[in-house]
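The values are calculated or read from the model by the stated rules, or taken from the named source; none is laboratory data. Small disclaimer: the values here were computed from a predicted structure and weren't measured. Don't worry about glycine lacking a Cβ; one is built from the backbone with ideal geometry, like all the others, and counts go over all protein chains shown. With ligands, DNA and RNA removed, areas are computed over all heavy atoms of the protein, side chains included. Shrake-Rupley method; radii C 1.70, N 1.55, O 1.52, S 1.80 Å.
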Amino acid sequence: MQNSSKSPKIAIFVDVQNIYYTTRDTFQQQFNYRAFWQEISQQGEIVLANAYAIQRSDDQQHKFQKALKHIGFDVKLKPFIQRRDGSAKGDWDVGIAVDVMEAAPEVDIVILLSGDGDFDLLLRKIMQRDGVKTHVYGVTALTAQSLINAATEFFPIDRNLLL
């Protein structure tokens, strides 16, 4: 655990699809990952930063993923799956949960960017098991109340963190 003379160790986990759709639907703008990184890097040492995204073969996606890597994120990709009914699938919830469980004993703060209420149990578990602080960043209106309640702190995504 953290002692007062050292800056806290921080691990960041980004549910890219969730953040993309919630910021687009609420603000008609994109999330500013660079501004977010600068804000977090002033709070401690970022020792792990994973962004979970869907692999699509389009230039915009490639540019976006390259930009995330340039900022400092490790971009983890899953194939984009188009279902027969026309809907799409690219669910990272289990992958994010496994990575969070593995990282939590090594850090002081786990930061999750998602509004998905499925992560509430995960946050409660790592706080109890590892004594870590959990910070959630999400669009208030589209973040599950159970996730907000489970986090040590909730930070609403607002215009300061948008492009």
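Just a few scattered comments:
- Scanning region 49-63 for residues that are surrounded by 12 or more Cβ atoms within 10 Å (Cβ to Cβ) and more than 15 Å from D15 (Cβ to Cβ) gives Q55, R56, Q61, H62.
- Of the residues making up region 129-149, those that are closer than 21 Å to R24 by Cβ, of a type outside the set (V, I, T) and without any contact (Cβ under 8 Å) to a residue 60 or more places away in the chain are A144, L147.
- Residue match in region 29-41 (condition: open to solvent by less than 90 Å² (accessible area, probe 1.4 Å), within 22 Å of M127 (Cα to Cα) and modelled with pLDDT of 95 or more): yes
- Selection count where residues are charged (D, E, K, R), loosely packed, with under 12 Cβ neighbours inside 10 Å and at pLDDT below 95, scope region 64-112: 4
- Test for D74: is it in contact with a strand residue (DSSP E or B) (Cβ under 9 Å, 6 or more places away or on another chain), closer than 14 Å to I12 by Cα and not β-branched (V, I, T): yes
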